[in-house]
Amino acid sequence: MNTLLITGAAGIVGTALRPYLRQHYRLRLLDRRPVEGLAEGETALVGDLTDAAFVEQAVHGCQAVLHLACAHGTEIAFTATLEPNYHATLYLLEAAQRHGVQRFVFTSSHHVLGQYRTDAAPVFDDMPPAPDSYYALSKVFGEAACAAWSLRYNLGTWVIRIGNADAQVSDARRLRLWTSARDLAQLVRIGLEHPEVKHEVVYGVSDCPRALFSNARARALGYRPQDNAAEHLAPGFLSYEAMAAETSGRDYIGGAYAGAPLAPLLEPKA
Ligand SMILES: NC(=O)c1ccc[n+]([C@@H]2O[C@H](COP(=O)([O-])OP(=O)(O)OC[C@H]3O[C@@H](n4cnc5c(N)ncnc54)[C@H](O)[C@@H]3O)[C@@H](O)[C@H]2O)c1
């Protein structure tokens, strides 16, 4: 059984995926905070991905990487994304190349298309990136880096643009792009094991009513979602009408991210 390094393993997505993935791989769970409740076949590694030497040590002996860790937030400053999202992703890709890693799964986000209005196209799978934040801009960089490492170094890279991975669906926008942990785990496993994967971009979404993404490429590679977003509504689910147009960003793929200010790099002169 292969060893899979999961970065950001203590977070929401890592915690939700572990029970599905540890049945199939030895898991090396990396985070800068402690990872709780280790099960058989799981080991933990505490450290920061912005330390290149630590990344080198973390990747050694792994056959695959699932890169979840990142800095995020609607109004995150560009400079706050530089080390954790740009440098750390390159440290990981470089280490993966040096250590003969076979597959690299990068979790991107629907926010790379977040600045589009939801009525701008029937589905958005192949639209050019329109990042809604400095967080999303760093995901566009990560996706491009995966393509470069795949073609240059023959590393199999699998980009998943995750929709919304909360346990339940909280509003009408998320209803169109939600994923269950079970479906996301299925998608991760296709990326890790499908023999045709060189470099692919797919969407981390379950079956969703009025889906914003057809996810045709994932389906062509065997993805069959088991869960339907409409059957997982949260108790306080907000209908489209109940969402505030201005503050919730209900008409944009990225929701509130699309309307939030981008922190300027330089303060304007008085
Ligand atoms: N949760 C969602 O709905 C959602 C939606 C779209 C995309 N994603 C993507 O999925 C991935 C995981 O998201 P999440 O919701 O679990 O995030 P999260 O914030 O819950 O977890 C991220 C984890 O990464 C760790 N981390 C951050 N920087 C680190 C560093 N420099 N070194 C070591 N560890 C570091 C944090 O400690 C944290 O435990 C992210 O890449 C995110 O962009 C998530």
TODO: State all residues of the range 1-27 that are more than 13 Å from the ligand (Cβ to nearest atom) and either among the hydrophobic types (A, V, I, L, M, F, W, C) or surrounded by fewer than 21 Cβ atoms within 10 Å (Cβ to Cβ) (or both); if no residue qualifies, say none.
DONE: 1, 2, 3, 4, 19, 20, 21, 22, 23, 24, 26, 27
Task: Matching residues, the range 223-259, being modelled with pLDDT under 95 and hydrophobic (A, V, I, L, M, F, W, C) - done: 244, 245
Open item on the list: Only one of 47, 61, 37 is within 9 Å of the ligand (Cβ to nearest atom) and of a type outside the set (D, E, K, R). Can you tell me which?
Closed with: 47
Open item on the list: As an exercise: evaluate residue 133 against (1) more than 10 Å from the ligand (Cβ to nearest atom); (2) under 20 Å from residue 28 (Cα atoms) and give the number of the one condition it does not meet.
Closed with: (2)
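Which one is farthest from the ligand (Cβ to nearest atom) among residues in the range 162-181 that are aliphatic (A, V, I, L, M) and more than 14 Å from the chain's Cα centre (by Cα)?
Step one: filter the range 162-181 for residues aliphatic (A, V, I, L, M), giving 162, 165, 167, 169, 172, 175, 177, 181.
Still in the list and also more than 14 Å from the chain's Cα centre (by Cα): 167, 169, 172, 175.
Working: 167: 10, 169: 11, 172: 16, 175: 13 Å.
It comes out as 172.
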Open item on the list: Could you tell me how many of the residues in the range 95-139 are of a type in the set (A, V, I, L, M, F, W, C), crowded, with 24+ Cβ neighbours inside 10 Å and over 19 Å from residue 14 (Cβ atoms)?
Closed with: 3
Task: Cβ-Cβ under 6 Å pairs, at least 6 apart or on other chains, the range 7-30 side under 15 Å from residue 72 (Cα atoms), far side modelled with pLDDT under 95 - done: none
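Results for (1) in contact with a strand residue (DSSP E or B) (Cβ under 9 Å, 6 or more places away or on another chain); (2) farther than 21 Å from residue 185 by Cα; (3) assigned to a helix (DSSP H, G or I), shown as yes or no for each residue.
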| site | (1), (2), (3) |
| --- | --- |
| 66 | yes, no, no |
| 69 | yes, no, no |
| 87 | no, yes, yes |
| 108 | yes, no, no |
| 125 | yes, no, no |
| 129 | no, yes, no |
Open item on the list: Looking at the range 100-120, can you tell me whether even one residue there is more than 23 Å from residue 134 (Cβ to Cβ), modelled with pLDDT of 95 or more and near the ligand (Cβ under 9 Å from one of its atoms)?
Closed with: no
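Just checking, does the range 150-161 include any residue being hydroxyl-bearing (Ser, Thr, Tyr) and within 16 Å of the ligand (Cβ to nearest atom)?
Quick first cut of the range 150-161, residues hydroxyl-bearing (Ser, Thr, Tyr) only: 150, 153, 157.
Cutting the leftovers down to within 16 Å of the ligand (Cβ to nearest atom) gives us 157.
Within the range 150-161, one or more residues are hydroxyl-bearing (Ser, Thr, Tyr) and within 16 Å of the ligand (Cβ to nearest atom).
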Task: Any pair with Cβ under 7 angstrom, 6 or more apart, that starts in the range 139-166 at a residue that is under 16 Å from residue 191 (Cβ atoms) and in contact (Cβ under 8 Å) with a residue 40 or more places away in the chain and ends at one that is among the acidic types (Asp, Glu) and not in a helix (DSSP H, G or I) - done: 158/200; 159/200
Task: Residues satisfying the stated conditions in the range 147-177, i.e. in a helix (DSSP H, G or I) and either touching a helix residue (DSSP H, G or I) at 6+ places or on another chain (Cβ under 9 Å) or buried (at least 21 other Cβ atoms within 10 Å of the Cβ) (or both) - done: 148, 149, 152, 153, 174, 175, 176
Open item on the list: Consider the range 45-84. How many of its residues are within 19 Å of the chain's Cα centre (by Cα), within 30 Å of residue 256 (Cα to Cα) and small (Gly, Ala, Ser)?
Closed with: 4
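The values are calculated or read from the model by the stated rules, or taken from the named source; none is laboratory data. All values reported here derive from a predicted model rather than from experimental measurement. FYI the Cβ positions are ideal-geometry reconstructions off the backbone, even for glycines, and counts take in every protein chain you see.
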